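Enquirer: One structure is given below, represented as structure tokens, and several questions about it will come after.
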There are 2 protein chains.
Amino acid sequence: MATTGKTADRARPTYFPTLAAERLDIALCRASSAVARAADAHAAAEGLGVGQHLVLRMLDAVGPCSQQALSEELRIDRSVMVSVCDDLERAGHVRRERNPADRRSYAVTITDSGRRRLAAAQASIPAFLDDAFHALTDDERDRLGAILAKLLETGTPR
Amino acid sequence: MATTGKTADRARPTYFPTLAAERLDIALCRASSAVARAADAHAAAEGLGVGQHLVLRMLDAVGPCSQQALSEELRIDRSVMVSVCDDLERAGHVRRERNPADRRSYAVTITDSGRRRLAAAQASIPAFLDDAFHALTDDERDRLGAILAKLLETGTPR
DNA sequence: TCCAAATCGTTTGACAGCAGATGATTTGCG
DNA sequence: CGCAAATCATCTGCTGTCAAACGATTTGGA
């Protein structure tokens, strides 16, 4: 069909749904980008970066950890973890204590200040999640979570 | 292997599943990263970037498009689209034809060379998807696709 | 008609994420 | 014991992504 010049705003072609249907990897990545953007915006408004929040959450849940352990469990690169811990330490939310049994690693420890900060940040998470995934029913969110867990658990081969 | 080690290697704590269960956004992002990494590796092995593949696919499906249209439908930033089209043009897979009706925009057009390249790349996609999502049953893949489509369709509110 | 605003492609600059190298320390093994 | 290899935190450099600004062109309204 000859595009008669004025192929502007009305009756959009919207190729994207077709793409998403045939490329599950692309659908996953695009959805992730949208959610990540929302998460960053929320974190910025909250004044605590996503990575910082996750670190505090894990330290509170499992106790003092090395940066290595934090890095592996939170899937944050260890070179990035350096600056995340730097910021948390500067804010007084964690301390880097020496591990006497292994002086190569720190025992990153949450402080009372960090626990208070975490509590505040945690309180805002349910509303954020509800907002980010408002397009889905509770049932669909559960199913999505289960499928992603299975995917993450088994991992993608090499 | 009864390593009575205090905290070390065997019987890992694995906090990650807990995190994924309580933070659907993080689960989505981490799964996306893993899949994206696999897609990049596949694309590199195939010799055609992911973005380039998507552009060829859309041009073949809907005919000549402006870079703007490609950018919006494929969810690729327009400044990135410039270099994607540069590479494709340099390889002879597309031509940038002038749109006489609107000389601001190009009519990016796929060439025969591009169609051949696309056919080869398309042929390798099913095996790649099967590999990347091998942890999921066909049913789970369908459900994941449907849920992601719904999420993408409605979008995350600002 | 004419001019302000919008649109398209492009360039530039800032910034996050990741690979690889490095120094300090610990571990494994002869 | 002694030394090679592994581990932890850190630093450096590269790459990909995105926001903002910019010329060229089109559009809409006074």
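Enquirer: Assuming A:Ser105 fulfils every condition listed in (1) closer than 30 Å to B:Thr137 by Cβ; (2) more than 7 Å from chain B (Cβ to nearest Cβ) apart from one, which condition is it?
Expert: Single failed check for A:Ser105: (1).
Enquirer: Right, something else. B:Val50 - would you say it is more than 11 Å from DNA strand D (Cβ to nearest atom) and of a type in the set (Val, Ile, Thr)?
Expert: For B:Val50, the condition - more than 11 Å from DNA strand D (Cβ to nearest atom) and of a type in the set (Val, Ile, Thr) - is not met.
Enquirer: Could you please tell me which pairs satisfy a Cβ distance under 9 Å, a separation of 6+ or placement on different chains, a first residue in segment A:109-138 that is facing chain B (nearest Cβ under 10 Å), and a second residue that is of a type in the set (Ser, Thr, Tyr) and part of a helix (DSSP H, G or I)?
Expert: If the second residue must be of a type in the set (Ser, Thr, Tyr) and part of a helix (DSSP H, G or I), the pairs left are A:His134/B:Thr154; A:Ala135/B:Thr154; A:Leu136/B:Thr154.
Enquirer: Is it true that some residue in segment A:54-66 is within 13 Å of chain B (Cβ to nearest Cβ), within 16 Å of DNA strand C (Cβ to nearest atom) and closer than 20 Å to B:Ser32 by Cα?
Expert: Yes - at least one qualifying residue is present in segment A:54-66.
Enquirer: Does A:Asp25 qualify as being closer than 30 Å to B:Leu74 by Cα, more than 10 Å from DNA strand D (Cβ to nearest atom) and charged (D, E, K, R)?
Expert: When the stated conditions are applied, A:Asp25 passes them.
Enquirer: Of everything in segment B:68-98 that's away from every other protein chain (no Cβ under 14 Å) and within 8 Å of DNA strand C (Cβ to nearest atom), which residue is farthest from A:Leu28 (Cα to Cα)?
Expert: Filtering segment B:68-98 for residues that are away from every other protein chain (no Cβ under 14 Å) and within 8 Å of DNA strand C (Cβ to nearest atom), the one farthest from A:Leu28 (Cα to Cα) comes out as B:Arg96.
Yes/no per residue for (1) part of a helix (DSSP H, G or I); (2) near DNA strand D (Cβ under 9 Å from one of its atoms); (3) loosely packed, with under 12 Cβ neighbours inside 10 Å:
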site	(1), (2), (3)
A:Glu72	yes, yes, no
A:Ile76	no, no, no
A:Cys85	yes, yes, no
A:Leu88	yes, no, no
A:Gly92	no, no, no
A:Arg96	no, yes, no
A:Pro100	no, no, yes
A:Arg104	no, yes, yes
A:Thr109	no, no, no
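Enquirer: Can you confirm whether A:Leu144 is within 24 Å of B:Asp139 (Cα to Cα), within 12 Å of chain B (Cβ to nearest Cβ) and buried (at least 17 other Cβ atoms within 10 Å of the Cβ)?
Expert: yes
Enquirer: Given the options A:Ala101, A:Ala27, A:Ala2, name the one that is under 23 Å from B:Leu24 (Cα atoms) and either hydrophobic (A, V, I, L, M, F, W, C) or modelled with pLDDT of 95 or more (or both).
Expert: On inspection, the qualifying residue turns out to be A:Ala27.
Enquirer: Moving to a separate point now. For segment B:124-158, give me each residue that is in a loop (DSSP other than H, G, I, E, B) and more than 18 Å from B:Ser32 (Cβ to Cβ).
Expert: Passing the criteria: B:Ser124, B:Thr137, B:Pro157, B:Arg158.
Enquirer: Quick one: in segment A:111-123, of everything that is under 30 Å from A:Ser32 (Cα atoms) and loosely packed, with under 15 Cβ neighbours inside 10 Å, which residue is nearest to DNA strand D (Cβ to nearest atom)?
Expert: So, considering only residues that are under 30 Å from A:Ser32 (Cα atoms) and loosely packed, with under 15 Cβ neighbours inside 10 Å, the one nearest to DNA strand D (Cβ to nearest atom) is A:Arg115.
Enquirer: Could I ask something else about it? Could you say which residue among A:Ala39, A:Ala61, A:Ala44 is more than 12 Å from DNA strand D (Cβ to nearest atom), among the hydrophobic types (A, V, I, L, M, F, W, C) and buried (at least 20 other Cβ atoms within 10 Å of the Cβ)?
Expert: A:Ala39
The values are calculated or read from the model by the stated rules, or taken from the named source; none is laboratory data. Quantities reported herein were computed from a predicted structural model and do not represent experimental measurements. Quick reminder, even Gly has a Cβ in these numbers, built from the backbone with ideal geometry, and neighbours come from all protein chains shown.
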